[in-house]
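Here is the structure we will look at.
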């Protein structure tokens, strides 16, 4: 496991110019209210390069013409604070997990950086920071604040964003990463089957979600993202997460969910009847989406662009919608299918990478066609997680049942 992170750093540093410095931050939990904080979630680029999951850690590397020098900066232990929140990461633990040999305390970062700049950065050099922001309106990150410090203290050093370099590296998953995703999917499968067996006794959407919570916690893991448990017309809202509506036996429920294992995510959508049986109309709509998923998945192979995959799926959905009388012209499909066919999956649910990228072996993408008909109170999405292989692909979620007869059979077993 440690070797994975060591190799990631080696590959990353080899891609940087000589005479450069890299500084990355693990992040911290944002303030919530009064003395409460949101749950901490490690910065995924930091984790990808170090394997460490603690707050307020810093990784620094100096890339020169010789072998790179690496440092970790950790927090000092505080015996009183440790009685409240537990022990800080020790130097030995940091070394053992990351493979970084030199571990210092955070207070030593700026003096060490200054020493390095003064002694080795004789020509205008570069400092690489992870400056990614989802939106210009987002609050400044620790890296953004540190960039301002560098600009003020060392104006001769160029500041560069390294987030895209790490993103390009993260796109191709190693065998270890794929195994983690498979484990997350296995836990997700157990939760899904539990829901199918229990949903007939549920009267609210949040009760369905509760069974997922139970199964994930029982397996020592957590949600990869906020669960969507959308019944009836709620399923026409793509990111509906209130999950507080009463259930009707006549409706379908769209479940978009996934476990996270060692920070790697599963992302699955399944749609099934709250009352245990699909109506004829629901079967027709469901079958259009299921057929689209099956045929579109076949397209996902090396050297095919995700734009081609999306265009194909859109065409299939339009053809199916015409056949069942949902639309009269193909262009009308935009009223019932209004999202892309998939996204990269990995350390983030919507992982790094361009959604229209050319597929390569080692990439993991979702495939998730859907039809959303608010006027009929029906929303169907069926989503699988697809690993691109040398010769085609592997459907990592193939064991999560999605055939109509299989779903109905499992849901009604408890009644027999």
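No value in this document is a laboratory result; all are computed from the given coordinates. Since the model is a prediction, treat every value here as computed from it, not as a measurement. A quick note on method: Cβ atoms are made from the backbone with ideal geometry, for glycine too, and the neighbour counts reach across all protein chains shown.
In this calculation the C-beta distance from residue 40 to residue 357 is compared with R0 = 30 Å, giving a FRET efficiency of 0.45. Sorting the segments 207-215, 271-279 by their mean number of nearby beta carbons within 10 angstrom, highest to lowest, gives 271-279, 207-215.
In a solvent-free Debye calculation with one equal scatterer on each Cα, what is log10 I(q)/I(0) for segment 200-246 at q = 0.14, 0.17, 0.29 Å⁻¹, listed in the order of the q values? The Debye formula, applied to the Cα set alone, gives -0.35, -0.50, -1.07. Sorting 155-168, 296-309, 256-269 by their mean Cβ neighbour count within 10 Å, with the most densely packed peptide first, gives 256-269, 296-309, 155-168.
Taking 25 °C and 0.890 mPa s as the conditions, I'd like the Stokes-Einstein D for segment 175-415 in µm²/s, using the Kirkwood hydrodynamic radius from alpha carbon pairs. Present the calculation step by step, with values, prior to reporting the outcome.
Numbers: Rh = 17.8 Å.
For the chosen part, D equals 138 µm²/s.
Compute the distance from the alpha-carbon center of segment 160-183 to that of segment 279-295, in whole Å. A separation of 33 Å, based on Cα centres. Take each peptide in 3-12, 374-383, count the other Cβ atoms within 10 Å of every residue, and average; sorted highest first, the result is 374-383, 3-12. Considering every alpha-carbon pair of segment 2-170, the percent of pairs per 5 Å bin, from zero through the bin containing the longest distance, is 1, 8, 16, 21, 21, 16, 10, 5, 2, 0.
Relative to the longest principal axis of the chain, what angle (0 to 90°, nearest 10) does the C-alpha long axis of helix 205-218 take? So the helix axis and the longest Cα principal axis differ by about 50 degrees. Segment 12-54 and segment 74-126 have their alpha-carbon centroids 13 Å apart. Going through [x] 221; [y] 171; [z] 204, the figure that equals volume of the Cα convex hull per residue in Å³ as computed for the structure here is [y].
Dividing the summed helix terms, -39500 (n - 2.57) for each DSSP H run of n ≥ 4, by the number of residues in the chain produces a 222 nm estimate of -11500 deg cm²/dmol to the nearest 500.
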